[in-house]
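Scroll down for the structure; my scribbles are underneath it.
The values are calculated or read from the model by the stated rules, or taken from the named source; none is laboratory data. Quick caveat, the model's predicted, so the values are computed rather than measured. For neighbour counting, all protein chains shown are included, and Cβ atoms are generated from backbone atoms with ideal geometry for every residue, glycine included. Protein only, heavy atoms only, side chains kept; ligands, DNA and RNA dropped before computing areas. Shrake-Rupley method; radii C 1.70, N 1.55, O 1.52, S 1.80 Å.
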Amino acid sequence: MKRASRDAPDGTGPAHRGVLLRDVGESGLIELLRRTFGGAARPGELPIGDDAAVVRVPGGRAVLSTDLLVEGTHFSLSYFRPEEVGGRALSANLSDLAAMGSDPVCYLVALAAPPGTPVATVGAIFRGMAAAAAGSGIRLMGGDTCRGERLTLCLTVVGAVGRGKPVPRAGARPGDLLYVTGSPGWAKLGLELLRGGRPSRPSGWRREAMRAHLRPEARLREGQGAAHSGAVAAMIDVSDGILTDLSHLLERDGLGAVLAEESFPVSRSFRAASAALGVDPLAAFLGGGEDYELLMAVRPSRRARFLRAARAFPSGATPIGAVTKAPGIRVRRTDGSWIEGAGLPTGFDHFPSRTRRAR
């Protein structure tokens, strides 16, 4: 891969002096680093730009992903218990492996913490990770620790390509059917609830919202089943919201999508929770992040094969729309009206650009 010129707009030399993260946005930063420092992919590999990298190793291919969690940005100990911090951290990383349809192998943990952090707190964080790992068989195999101003976790997960091929983000075609697992948006409602204080004895929708935000589950069985079915052309985990992550799934191929509100898996309980919290249910479903559900593009000719595989999905799978040749995402409301462009809810971006690119 050709390294970018030091003075080119996509380099890291004088052309970028004085430029701030908020000027380029999160996606712009990732693209800058990919073009400037990203390693060249060899045949059969997937480089920076997917949920996880796929590299060749002796005897096969490994799937790698890493995620950073910072106190005050990703979680608050004012309402997160330490075990929940650890469990959520590993589940978020396992979700990247799920989105590739890979098998978990091991994980590494780098921890930064203030010297006054109780050892019991650190132990509880790792217990939470161990609990999240139990069902998948993934093992803790190393890491690092250092002093830091705030609690920070950086996890790296390693997976293996099992039967079939890893499913990348790119690969959708016009006419592909869009399916999503579970019920996205609950994590957003959980965050809104917890910002007002953690309920001591939650029940009903409050318990569901808290579970979604504090203890998300990686959809490993769903991802593996989707990959093995041979019917899924592209897949991504919903970490930044359906609209944001759908844009990532479509952008490399210059495609768009039409979504139908009447098909969205939004329950009465979800609507009741949204009303109680003062949140637009459509905005929560489309723009809420950190659900770690899977969004898939399914070939129409292989739909029956996918549906057979989906019978074994613990979370189920719901059709919500289709891929279009024309770029941009449009949503048909239940009343027949349409929303698109600036009218769509926005997902999460760590470094939101001052001039957000229109969907």
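Miscellaneous remarks
- When both bridge partners sit in the chain, DSSP labels roughly 75% of those beta bridges antiparallel.
- Table column - 3J(HN,Hα) (Hz), region 236-245, Karplus curve with 6.51, -1.76, 1.60, x for Gly and Pro: 8, 8, 8, 9, 10, x, 4, 5, 5, 6
- Equivalent ellipsoid of region 151-234: semi-axes from √(5λ) of the C-alpha gyration tensor, largest first, are 33, 17, 12 Å.
- Between Arg252 and Arg207, full extension at 0.36 nm per residue minus the direct alpha carbon distance yields a gain of 12.4 nm.
- Residue list for region 97-124, given a label point 7 angstrom along the Cα-to-Cβ vector of Arg139 and an amide N cut-off under 17 Å: 103-109
- Region 94-194: antiparallel DSSP beta bridges as a percent of all, rounded to 5: 55
- Rounded to the nearest 20 debye, dipole of the chain from Cβ charges on Lys, Arg, Asp, Glu: 620
- Both radii come from the Cα set of the chain: Rg as radius of gyration, Rh as Kirkwood radius; their ratio Rg/Rh reads 0.95.
- Counted charge near Pro114, where neighbours are those whose Cβ lies closer than 15 Å (Asp, Glu -1; Lys, Arg +1): 0
- Within-11-Å neighbourhood charge of Ala312 [Cβ basis; K, R +1; D, E -1]: +2
- Surface calculation, 1.4 Å probe, protein heavy atoms: Phe126 sits at approximately 60 Å² accessible.
- Per residue, the solvent-accessible area of the chain (1.4 Å probe, heavy atoms of protein chains only, all protein chains present) comes to 48 Å².
- Cα-based convex hull, region 206-316, per residue volume (Å³, whole number): 117
- Taking all protein chains together, Trp205, Trp186 sort by accessible area into Trp205, Trp186, largest first [probe 1.4 Å].
- The figure for Thr324 is an accessible area of roughly 30 square angstrom, using a 1.4 Å probe on the protein chains alone.
- Interchain or long-range residues, amide H under 5 Å from Gly288's placed H: Ile242
- Short to long, the 10 Å bins of the Cα pair-distance histogram for region 287-353 hold 14, 37, 36, 12, 0 percent of all pairs.
- Cα gyration tensor shape for region 36-146, rounded if a/c is under 1.5, else prolate or oblate: prolate
- Rounded to the nearest whole Hz, the Karplus-based 3J(HN,Hα) values (6.51 cos²θ - 1.76 cosθ + 1.60, θ = phi - 60°) of region 247-254 follow the sequence 4, 5, 5, 9, 5, 5, 9, x, with x at glycine and proline.
- Cα gyration tensor, region 93-209 - rounded (a/c under 1.5), prolate or oblate: oblate
- Farthest positive-ward along region 219-315 dipole, Cα basis, beta-carbon charges - from Leu307, Leu250, Ala233: Leu307
- Two-decimal log10 I(q)/I(0) for region 69-133, as the Debye equation yields it once each C-alpha is a single scatterer, q = 0.16, 0.18, 0.25, 0.28 Å⁻¹: -0.55, -0.68, -1.16, -1.35
- Within a Gaussian network of the chain (alpha carbon springs, distance under 10 Å), most fluctuating of Glu217, Glu149, Glu251: Glu149
- Structure-based [θ]222 nm, the chain - -39500 (n - 2.57) summed over DSSP H runs of at least 4, per residue, nearest 500: -10000 deg cm²/dmol
- Choice from Ile329, Ile242, Ile30 showing the highest fluctuation, given a GNM over the chain with Cα pairs closer than 10 Å: Ile30
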